[in-house]
Amino acid sequence: MPSGHTVVAFDTELTTLHRKIAEMGGLAEEQLMRAMEALVSRDENLASSIIGRDAEIDRGEAEVEALAVRVLALRQPMAKDLRQVITALKVSNNLERIGDFASNCAKRVMALSQVPPTGPMKSLNRMGVTTAGMVHDVVKAYVDEDYDLAMAVRDRDAEVDAVYTSLFRELLTYMMESPQQITACTHLMFIAKNLERVGDHATNVAETVCFLVKGRLPGEERMKEDLSSFTVVNPREPQG
């Protein structure tokens, strides 16, 4: 039977994992919000600082991985304890990818600042705010082991997919009607795709939280509303 000292040490390690995940999630959310601010304000300095801070999230993932491996090797956890360690590994990986997507958005802002503003900026910013909110809520669901909140985040991914499909169509239309806007619209399209992927990774975290709490992934199929792969926009007929 494990000693009281061992139990206390194990609890401390699990608490540390939770804290590091919360810190990573907070930074990922902040990075996304700042990337949207940089996009709207065309602020190259802000975009550059976002890119520079991506390494902090990378370090966070490395620290979580190192601690999780240590716990697995020394404590040999089982049942719910084992799920907690596995969940921490999966969540940190998804948060690291979200940080990458925020950094990618910032890189596109650097390019966009060199060309005239164009495109559906308000819709894109709204999409960014939505995905940042998903990240915030899903990290809270992880920390609180809140199954209902995790499922609510999972359901919101369909909204992000629908907005992305709409933006994809709108940006194609901009490019066909005004070829000089192709460069800007292409960068905006990549930003939209990065945000759509953030929604996917937040949803992955939500499903991992369900695994943590229930011991299984959600049974029902996840709704998908990303129809961009099937989107075709026909050029308008010339007038007169």
Q: Please state which one of E37, E44 is surrounded by fewer than 17 Cβ atoms within 10 Å (Cβ to Cβ), in contact with a helix residue (DSSP H, G or I) (Cβ under 7 Å, 6 or more places away or on another chain) and without any contact (Cβ under 8 Å) to a residue 12 or more places away in the chain.
A: E37
Q.
Within the range 48-61, does at least one residue satisfy the condition of being farther than 30 Å from P120 by Cβ, more than 18 Å from the chain's Cα centre (by Cα) and of a type in the set (D, E)?
A. no
Q: Report yes if E177 is within 15 Å of V135 (Cβ to Cβ), modelled with pLDDT under 95 and more than 14 Å from the chain's Cα centre (by Cα), otherwise no.
A: no
Q) How many of the residues making up the range 141-183 are assigned to a helix (DSSP H, G or I), open to solvent by 50 Å² or more (accessible area, probe 1.4 Å) and not hydrophobic (A, V, I, L, M, F, W, C)? A) 14
(Q) Please verify whether K122 is closer than 30 Å to T165 by Cβ and free of Cβ contacts under 8 Å to residues at least 40 places away in the same chain, treating the condition exactly as stated. (A) yes
Q. Only one of (1) open to solvent by less than 30 Å² (accessible area, probe 1.4 Å); (2) in contact with a Ser or Thr (Cβ under 7 Å, 6 or more places away or on another chain); (3) farther than 24 Å from M110 by Cα fails for K90. Which number is that?
A. (1)
Q.
I'd like to know if the range 14-25 contains one or more residues that are open to solvent by 80 Å² or more (accessible area, probe 1.4 Å) and more than 17 Å from H136 (Cα to Cα).
A. yes
Q: Name the residue, out of V115, V109, that is open to solvent by less than 50 Å² (accessible area, probe 1.4 Å), touching a Lys or Arg at 6+ places or on another chain (Cβ under 8 Å) and among the aliphatic types (A, V, I, L, M).
A: V109
Q) Within the range 118-129, can you find the residues that are crowded, with 19+ Cβ neighbours inside 10 Å and in a helix (DSSP H, G or I)? A) L124, M127, G128
Q | Lone qualifier among E220, E196 - being of a type in the set (D, E) and open to solvent by 40 Å² or more (accessible area, probe 1.4 Å) | A | E220
Q) Between a first residue in the range 1-25 that is closer than 28 Å to M134 by Cα and a second residue that is open to solvent by 40 Å² or more (accessible area, probe 1.4 Å) and modelled with pLDDT under 90, which pairs have beta carbons less than 8 Å apart while being 6 or more apart in sequence or on different chains? A) E13/R75
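The values are calculated or read from the model by the stated rules, or taken from the named source; none is laboratory data. Note that the structure is predicted; figures quoted are calculated from it, not measured. Here the Cβ is made from the backbone with ideal geometry for all residues, glycine too, and neighbour counts use every protein chain on show. Each accessible area value is taken on the protein alone, full model and side chains, heavy atoms only, with ligands, DNA and RNA left out. Shrake-Rupley method; radii C 1.70, N 1.55, O 1.52, S 1.80 Å.
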